[in-house]
Amino acid sequence: MQIEEVISKINNILIEEFEIEVDQIVPEENMLETLEIDSLDLVDIVVLIEQHFGFKVDTEDMADIATLQQFYDYVAARAVD
């Protein structure tokens, strides 16, 4: 799956499911702070990512992800076409 497609799908999930404003989506900033989400929201995001992209997210891997760009890259590397 191309990174552009991953970014588009993740952004759509954030906008539609979490009512994130487009201007809040800044790939190089801290994901939790910029998107104003808490750890429970992050769990919901992970569940949606697993459903949309067809792989199981490793919670240990998520501990190393700080920015939205890192999250995009993580998903793109594991997404099932």
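The values are calculated or read from the model by the stated rules, or taken from the named source; none is laboratory data. Bear in mind that the values here come from a model prediction, so they are computed numbers and not experimental data. Quick reminder, even Gly has a Cβ in these numbers, built from the backbone with ideal geometry, and neighbours come from all protein chains shown. Ligands, DNA and RNA are stripped out before the accessible areas are found, and what is left, the full protein with its side chains, is counted by its heavy atoms. Shrake-Rupley method; radii C 1.70, N 1.55, O 1.52, S 1.80 Å.
Tally time: how many residues in region 19-40 are open to solvent by less than 50 Å² (accessible area, probe 1.4 Å), over 11 Å from the mean Cα position of the chain (by Cα) and not hydroxyl-bearing (Ser, Thr, Tyr)? So the count comes out to 4. Here is a list of conditions, (1) in contact with a helix residue (DSSP H, G or I) (Cβ under 6 Å, 6 or more places away or on another chain); (2) under 21 Å from Ala79 (Cα atoms), and Val26 meets all of them except one; can you say which number that is? Only one criterion in (1) in contact with a helix residue (DSSP H, G or I) (Cβ under 6 Å, 6 or more places away or on another chain); (2) under 21 Å from Ala79 (Cα atoms) is unmet by Val26, namely (2).
Here is a yes/no grid of residues against (1) in contact with a helix residue (DSSP H, G or I) (Cβ under 7 Å, 6 or more places away or on another chain); (2) open to solvent by less than 80 Å² (accessible area, probe 1.4 Å); (3) not aromatic (Phe, Trp, Tyr):
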{"position": "Asn12", "(1), (2), (3)": "no, yes, yes"}
{"position": "Glu17", "(1), (2), (3)": "yes, no, yes"}
{"position": "Val43", "(1), (2), (3)": "no, no, yes"}
{"position": "Val57", "(1), (2), (3)": "yes, yes, yes"}
{"position": "Glu60", "(1), (2), (3)": "no, no, yes"}
{"position": "Leu68", "(1), (2), (3)": "yes, yes, yes"}
{"position": "Val75", "(1), (2), (3)": "yes, yes, yes"}
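For region 1-21, taking the residues that are β-branched (Val, Ile, Thr) and part of a helix (DSSP H, G or I), the one that is farthest from Tyr72 (Cα to Cα) is identified as Ile15.
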